[in-house]
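Everything on this sheet refers to the single structure shown next.
The values are calculated or read from the model by the stated rules, or taken from the named source; none is laboratory data. These numbers were taken from a predicted model, which means no experiment stands behind them. Counting neighbours? That spans all protein chains shown, and the Cβs are built from the backbone with ideal geometry, glycine included.
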Amino acid sequence: MIYANRTYELPVLPVKNAVVFPYIVIPYLTDLPRSIAAIDCALGREDKTLALFTQRNPRSNNPGLHDLYSIGTSGVVRLFARSDTAIQVFLQGVERIEITDLIPRASFLMARVRGVPMTKEQDIITEAMGRDILDLVKRYFTLTHPNHDVTLPQVIPSEADFSQIIYPLAQLLGFSVDRSQALLEASSLTTAMQLMEDYLRHEVQILEVRKKISDQAQSKISKNQRDYVLREQLEAIQKELGESNPSDNDFAELKNKFDSCELPDAIYDEVKKDFLRLKRIPAMSPEYQVARFHMELVLDLPWNVATEDNLNLNNARKILNEDHYGLKDIKERIIEQLAVMKLNPGAKSPILCFVGPPGVGKTSLGQSIARSLGRKFERFSLGGLSDEAELRGHRRTYIGAMPGRIIQALRRSGACNPLIMLDEIDKMGREFRGDPAAALMEILDPAQNCTFRDNYLDLPFDLSRVFFIVTANSVDTIPKPLFDRMETLHISGYGEEEKREIARQYIVPRQRVDAGLTAEQFSISDDTLIHIVHRYTREAGVRELERMIGKLVRKVAIRFAEDVTDPVTIRPEDLAKMLGPERFFIEKMRKTLPPGVATGLAWTELGGDVLYVEAINLPHKKSITLTGYLGEVMKESAIAAASFLHAQSRQFNLEIPAGAVHIHVPAGAIPKDGPSAGLTIAAALASLYSGRPTRSDTAMTGEITLSGLVLPVGGIKEKVLAARRANIHRIVLPAENRKDLQELPEYVLAELDFVFVGSIEEALIAAIPGLVSGESPVLRK
């Protein structure tokens with residue numbers, strides 16, 4: 001019975017965990033005495049009507065007014081069945097009602113309720129929402145029942161009819177209690193339709209995502225099943241044809257390698273276990289490929305395969321001299337090591353570090369050492385390497401994992417005692433992925449590398465039999481703990497005669513052969529080689545010299561390729577036409593020097609050089625001026641020289657005018673720094689203040705102190721060769737540098753006169769004639 005907007009009294013049946021909608025029939029079973037009494041009261045009424053309100057707390061068995069939702073449904077009892085302790089009824093919802101008051105009864109709840117019908121709007125928005133709901137319902141049932149055809153009306157019914165099906169639709173979709181109560185409490189059809197559309201749209205999105213995931217998984221499973229069936233069929237076909245499975249061939253090959261491989265006893269059991277495990281892995285499994293590649297690496301490594309060392313000292317000397325000119329100390333150190341290895345075969349190999357500028361033959365010297373020993377040679381560069389895993393290897397758990405470079409080099413060499421050269425160790429990087437220098441300490445240290453464990457190999461490998469040689473251009477950037485583990489052998493730049501001999505004995509024949517020429521067809525004079533060294537190259541090594549000679553050879557090859565048969569000898573006057581204009585200027589000895597100018601010697605990465613220091617007075621200034629792109633150390637040396645001469649002006653009879661002094665070092669575009677110019681600056685200032693010129697045939701180098709001492713400096717070999725190249729035959733050196741002359745050839749020492757000094761006074765007496773009366777106390781050679 002419908003009582004729209006009217007108040008009437010009904011027995012209340014609290015409903016647990018459910019919401020009864022209008023027009024919906026639901027079964028209800030209860031054994032609560034208060035609920036049974038309310039149903040009996042309804043059955044005694046003519047209309048058999050109850051007030052059905054959902055409990056807020058389903059655990060309560062005696063709810064009050066505040067325990068029930070305010071909006072419910074009036075319902076009619078259609079059928080009932082009773083037992084001794086319970087009653088089951090079928091209730092049909094009639095209309096939305098609102099509870100207004102409770103009427104006290106002892107055995108059950110009685111309430112005054114009021115009918116609150118839903119407001120039903122009629123507009124285009126309601127019609128559009130209805131169409132959307134029907135489309136969403138169709139998509140919902142299509143996704144939940146993919147194997148059944150779903151047919152729904154394509155035209156939305158009238159609003160009155162839709163208000164009657166929205167509640168059955170909610171019941172069919174299985175709304176939760178909270179969502180069902182919210183729908184029941186909707187006061188207008190538009191609000192109820194909005195709730196229904198939001199819910200359907202959310203559910204459809206979830207169902208579509210689940211369907212997509214399911215389809216992807218099903219597709220993958222189907223592909224795997226298809227591949228499995230095809231592999232089974234392929235295996236059956238191969239058996240019928242008498243052909244073998246490729247994976248069986250791979251395993252048989254590995255089995256032969258395993259049987260013939262001489263594995264150390266310490267790892268044999270572990271490798272055998274991995275080998276048997278590989279046999280059990282399916283050939284098409286991704287894990288099989290990883291395990292097989294690892295097993296191939298293990299079986300390819302030269303665990304106990306070593307080359308026999310050739311320890312004939314005369315043969316080693318012959319090979320080293322064939323491949324390299326000079327380098328007497330380096331060659332002698334190699335011969336010493338061969339002698340130790342001959343007398344004590346079990347001696348640990350040293351870690352030699354060749355330090356020198358580019359192009360002096362560090363890498364090729366390693367190749368010669370390997371050839372003289374009869375060992376395999378492997379080389380890789382460490383320049384720019386910043387990932388520790390490049391040396392230690394990557395763990396096999398990572399995709400694309402590879403063994404480290406050390407293990408790869410051993411695998412390539414096929415011997416456990418190769419000579420491995422690590423180039424450019426001073427150019428390694430360091431970042432968050434690890435410090436390669438720390439890994440190198442274990443690799444190079446003979447006390448640790450006997451059980452080196454590569455992350456990919458994951459087995460101990462003995463590196464103690466490997467002869468490691470590293471190269472660097474500078475030791476400044478090598479970490480101290482790593483540097484301490486190496487024996488440093490310095491290779492300085494070559495002098496002009498050494499470059500000439502290297503070109504005549506090695507470069508010219510090699511370039512001639514590369515171009516297809518003979519000695520009769522192409523030759524080059526010694527004067528021409530010296531001219532190329534002086535005017536077309538400026539380097540410590542011989543790379544650019546080789547490029548220049550290669551260019552000459554190629555130009556001559558063009559002539560012979562054009563059927564010109566006359567032999568060609570390259571002379572200095574031919575160079576301008578074949579190599580272009582001269583590239584470099586050589587500073588030559590000036591015949592006379594004015595007061596305030598002194599000749600100094602400098603060291604550069606390209607060798608030695610001669611530089612002149614010039615000084616003039618500046619009467620109108622008060623501070624010293626320094627120009628010529630000077631570094632901080634050189635500026636401080638100039639200030640120290642000026643301060644010393646001011647303090648000792650009486651001793652040297654110097655008249656220092658008021659004002660400042662300007663000191664300049666020519667070639668202002670080239671940066672200059674270091675303490676070795678201190679002695680030259682002091683001589684230039686003493687010459688300026690005394691008015692006496694320095695000797696033009698004398699060059700000098702040395703660090704000075706305010707107490708008047710001259711300290712030793714570096715780069716003596718390069719500086720002496722630079723003075724000789726500039727036709728300067730008298731050189732002032734610190735007394736402590738006398739020992740450094742041993743690096744120079746005898747013919748160079750025979751051409752030059754050296755003055756060794758221990759104080760600034762001795763140096764000034766040697767450089768400036770007549771500055772101090774009396775005999776010179778300097779030591780002369």
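I'd like to check something: does segment 393-402 contain any residue that is surrounded by 20 or more Cβ atoms within 10 Å (Cβ to Cβ) and out of contact with any Pro (no Cβ under 6 Å at 6 or more places or on another chain)?
Residues of segment 393-402 surrounded by 20 or more Cβ atoms within 10 Å (Cβ to Cβ): 393.
Remaining after also requiring out of contact with any Pro (no Cβ under 6 Å at 6 or more places or on another chain): none.
Taking every residue of segment 393-402 in turn, none turns out to be surrounded by 20 or more Cβ atoms within 10 Å (Cβ to Cβ) and out of contact with any Pro (no Cβ under 6 Å at 6 or more places or on another chain).
If I filter segment 756-776 down to residues being touching a residue at least 40 places away in the same chain (Cβ under 8 Å) and not in a helix (DSSP H, G or I), which single residue comes out as nearest to Gly607 (Cα to Cα)? Write out each step before concluding.
Taking segment 756-776 first, the residues touching a residue at least 40 places away in the same chain (Cβ under 8 Å) are 757-764, 766-772.
Filter again for not in a helix (DSSP H, G or I), leaving 757-759, 768-772.
Details: Val757: 24, Gly758: 26, Ser759: 27, Ile768: 28, Pro769: 30, Gly770: 34, Leu771: 33, Val772: 35 Å.
Within segment 756-776, the match that is nearest to Gly607 (Cα to Cα) is Val757.
Just one of Phe53, Phe90, Phe108 is in contact with a Cys (Cβ under 7 Å, 6 or more places away or on another chain) and at pLDDT 85 or above; which is it? Reasoning before the result, please.
Values: Phe53 fails: in contact with a Cys (Cβ under 7 Å, 6 or more places away or on another chain); Phe90 fails: in contact with a Cys (Cβ under 7 Å, 6 or more places away or on another chain).
Every option except Phe108 fails the conditions.
One line per residue, one yes/no per condition, for (1) more than 30 Å from the chain's Cα centre (by Cα); (2) over 26 Å from Cys450 (Cβ atoms); (3) aromatic (Phe, Trp, Tyr):
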residue	(1), (2), (3)
Ile335	yes, yes, no
Pro345	yes, no, no
Pro357	no, yes, no
Ser368	yes, yes, no
Arg379	no, no, no
Gly384	no, yes, no
Glu388	no, no, no
Thr397	no, yes, no
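So that you can scan it fast, the table gives a plain yes or no per residue for (1) exposed (fewer than 15 other Cβ atoms within 10 Å of the Cβ); (2) touching a helix residue (DSSP H, G or I) at 6+ places or on another chain (Cβ under 8 Å):
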position: Lys331; (1), (2): no, yes
position: Leu338; (1), (2): no, yes
position: Gly346; (1), (2): yes, no
position: Gly356; (1), (2): no, yes
position: Val360; (1), (2): no, no
position: Leu365; (1), (2): no, yes
position: Arg371; (1), (2): no, yes
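All of Tyr747, Tyr689 fail the test of being closer than 19 Å to Gly596 by Cα, modelled with pLDDT under 95 and part of a helix (DSSP H, G or I), apart from Tyr689.
Annotation: Met110 fulfils all but one of (1) assigned to a helix (DSSP H, G or I); (2) among the hydrophobic types (A, V, I, L, M, F, W, C); (3) over 60 Å from the mean Cα position of the chain (by Cα); the unmet one is (1). If you check Arg78 against the conditions, is it loosely packed, with under 13 Cβ neighbours inside 10 Å and of a type in the set (Lys, Arg)? Considered against the rule, which asks whether it is loosely packed, with under 13 Cβ neighbours inside 10 Å and of a type in the set (Lys, Arg), Arg78 comes out as yes.
Are any of the residues in segment 292-310 in contact (Cβ under 8 Å) with a residue 12 or more places away in the chain, of a type in the set (Gly, Ala, Ser) and closer than 18 Å to Ala415 by Cα? Yes, some residue in segment 292-310 is in contact (Cβ under 8 Å) with a residue 12 or more places away in the chain, of a type in the set (Gly, Ala, Ser) and closer than 18 Å to Ala415 by Cα.
At least 2 residues being within 30 Å of Arg56 (Cβ to Cβ) and at pLDDT below 80 is the threshold, and among the helices (runs of 4 or more DSSP H) wholly inside segment 113-223 those reaching it are 159-173.
Restrict the check to segment 360-380 and report whether at least one residue is in a loop (DSSP other than H, G, I, E, B) and closer than 22 Å to Arg430 by Cβ. No, there is no match, as no residue in segment 360-380 is in a loop (DSSP other than H, G, I, E, B) and closer than 22 Å to Arg430 by Cβ. Out of the residues in segment 519-570 meeting the condition of being among the hydroxyl-bearing types (Ser, Thr, Tyr) and in contact with a Ser or Thr (Cβ under 9 Å, 6 or more places away or on another chain), tell me which one is surrounded by the fewest Cβ atoms within 10 Å (Cβ to Cβ). Ranking the qualifying residues of segment 519-570, first place goes to Thr569. Of the residues making up segment 431-457, just one is in contact with a Ser or Thr (Cβ under 6 Å, 6 or more places away or on another chain) and either farther than 30 Å from Glu308 by Cβ or of a type in the set (Val, Ile, Thr) (or both), namely Glu431.
Taking every residue in segment 666-680 that is in the same structural domain as Val732 (by TED's automatic domain parsing) and pairing it with any residue that is at pLDDT 90 or above and of a type in the set (Phe, Trp, Tyr), at least 6 positions away or on another chain, the pairs with Cβ-Cβ distances below 9 Å are Pro666/Tyr612; Thr680/Tyr612. Checking the stated criteria, Asp753 turns out to be of a type in the set (Asp, Glu) and either under 21 Å from Arg590 (Cβ atoms) or outside the structural domain of Asp673 (by TED's automatic domain parsing) (or both). Against the test of being of a type in the set (A, V, I, L, M, F, W, C), in contact (Cβ under 8 Å) with a residue 60 or more places away in the chain and not assigned by TED's automatic domain parsing to the domain that holds Arg547, the options Val633, Val610 yield a single qualifying residue, Val610.
For segment 612-629, does any single residue satisfy the condition of being of a type in the set (Phe, Trp, Tyr) and surrounded by fewer than 17 Cβ atoms within 10 Å (Cβ to Cβ)? Yes: segment 612-629 contains one or more residues that are of a type in the set (Phe, Trp, Tyr) and surrounded by fewer than 17 Cβ atoms within 10 Å (Cβ to Cβ). Filtered by the rule that a residue be under 54 Å from the mean Cα position of the chain (by Cα), crowded, with 16+ Cβ neighbours inside 10 Å and not small (Gly, Ala, Ser), segment 749-771 gives Leu752, Phe754, Val755, Phe756, Val757, Ile760. Note on segment 444-474: among residues that are touching a helix residue (DSSP H, G or I) at 6+ places or on another chain (Cβ under 6 Å) and of a type in the set (Val, Ile, Thr), the one that is nearest to Gly361 (Cα to Cα) is Thr471.
I'd like to check something: does segment 716-739 contain any residue that is free of Cβ contacts under 8 Å to residues at least 12 places away in the same chain and loosely packed, with under 15 Cβ neighbours inside 10 Å?
Looking only at segment 716-739, we keep the residues that are free of Cβ contacts under 8 Å to residues at least 12 places away in the same chain, and these are 739.
Then keep just the ones that are loosely packed, with under 15 Cβ neighbours inside 10 Å; that gives 739.
Checked against the condition, which is being free of Cβ contacts under 8 Å to residues at least 12 places away in the same chain and loosely packed, with under 15 Cβ neighbours inside 10 Å, segment 716-739 yields at least one hit.
Based on this model, can you work out whether Arg695 counts as touching a residue at least 40 places away in the same chain (Cβ under 8 Å), charged (D, E, K, R) and crowded, with 17+ Cβ neighbours inside 10 Å? Against the criterion (touching a residue at least 40 places away in the same chain (Cβ under 8 Å), charged (D, E, K, R) and crowded, with 17+ Cβ neighbours inside 10 Å), Arg695 qualifies.
Filtering segment 618-641 to residues that are out of contact with any helix residue (DSSP H, G or I) (no Cβ under 6 Å at 6 or more places or on another chain), modelled with pLDDT of 90 or more and of a type outside the set (Ser, Thr, Tyr) leaves Glu632, Lys635, Glu636, Ile639, Ala640.
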